[in-house]
1. Just rank M186, M42, fewest to most, by other beta-carbon atoms within 10 angstrom.
2. For the chain, modelled as a Gaussian network with Cα springs under 10 Å, which listed residue fluctuates most, R246, R175, R15?
3. Given A149, G69, L80, which one lies farthest toward the positive end of the charge dipole of the chain, if we put +1 on the Cβ of every Lys and Arg and -1 on the Cβ of every Asp and Glu?
4. Projected onto the charge dipole of the stretch 18-278 (+1 at Lys/Arg Cβ, -1 at Asp/Glu Cβ, origin at the Cα centre), which of M42, Y202, A126 gives the Cα projection farthest towards the positive end?
5. Dipole size in debye (nearest 20) for the chain around its Cα centre, Lys and Arg Cβ +1, Asp and Glu Cβ -1?
6. I'd like the distance separating the alpha-carbon centroids of the stretch 114-137 and the stretch 20-71, in whole Å.
7. In angstroms, what radius of gyration and Dmax does the chain have, counting Cα atoms only?
8. Anyone know which of N65, N116, N104 comes out most mobile in the 10 Å Cα GNM of the chain?
Amino acid sequence: MSAVSVENGGGKTPRGAISIRAVSKIYDPDGARVLAVDDCSMEIEAGEFCVIVGPSGCGKTTLLNAIAGFHGISAGEIHLDGELLCNSSQVPKPGSDRIVVFQNGALFPWFTVLENITFGPVMQGAASKKDAEEKALHMMGQMGLKGIAHNYPSEISSGMRRRVEIARAMMNDPRVLLLDEPFRAMDALTKTVVHQFLLDVYDRNKTTVFFITHDLDEAIFLGSKVYIMTTRPATIKKVLSVDIPRPRDFRVLASTAYQRLRTECIAAVHEEAVKAFKAGEREM
């Protein structure tokens, strides 16, 4: 399958299983020695939509950065599809198999939407410009982005820009899609629309998703599992399996299962948020 494939057919072997084994991370080990993550373990199945929630500063992004290859870990191991990604002596490297969509966006303002989406595969030699553009236009049609191929990022809405970033990420057929609070600054109505497009992409591709958020409604609506983290130093406090059938739409928000999970999630997160506040944690 080519690097620009976006369809995950039924015969394709699931990819993107992440095993986080007793991981710890100390920032400034020779000085302040801030223990951000302590003995954290998670088993994320290939094709799982994994959502991480917890108090600000608890270490959620620390785990994402380690998986992405932006920094190493102090103890433990992280494996991807059974292969060692990093440990205390092996620093991970970023790769096109693990693509990050950031909170503040990262589109090139001097490129059109189509140029942004096709940039990676064309520059890496993974696809010709013609093939990449054909695939990008097909994907844009699926994501409600028809008619904006030649617009620049400044000429489209924030919701469209975020969909463009997701489309660009999926062009490399990644094993893992890493999203760090990508919809945080959006109004509720825009967020609802973008959620549905993200779920449509997930349902078609079943790419493993590692999604960080503070929004508990968002976590339950999108996730297969919700991992609730303790205040710093972070470890896993609770794992909620979201037993709401897919495909999902806004109607699940009124379901008994959704309300039950929301109540359970709020209780667990609130307890940790109180601890974080008492410990003096603040939003960076």
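None of the figures in this text is laboratory data; all of them are computed from the coordinates on show. Please read these numbers as outputs of a predicted model, since none were measured by experiment. Note: ideal-geometry Cβ built from the backbone for every residue, glycine included; neighbour counts use all protein chains shown.
1. Going from sparsest to densest Cβ surroundings: M186, M42.
2. Answer for the Gaussian network model of the chain: R246.
3. Of the listed residues, the answer is A149.
4. Looking along the dipole axis, the top candidate is Y202.
5. Dipole magnitude for the chain comes out near 220 debye.
6. Cα centroid of the stretch 114-137 versus Cα centroid of the stretch 20-71: 33 Å apart.
7. Both quantities, over Cα of the chain: 18.8, 57 Å.
8. Of N65, N116, N104, the most mobile in the Gaussian network model is N104.
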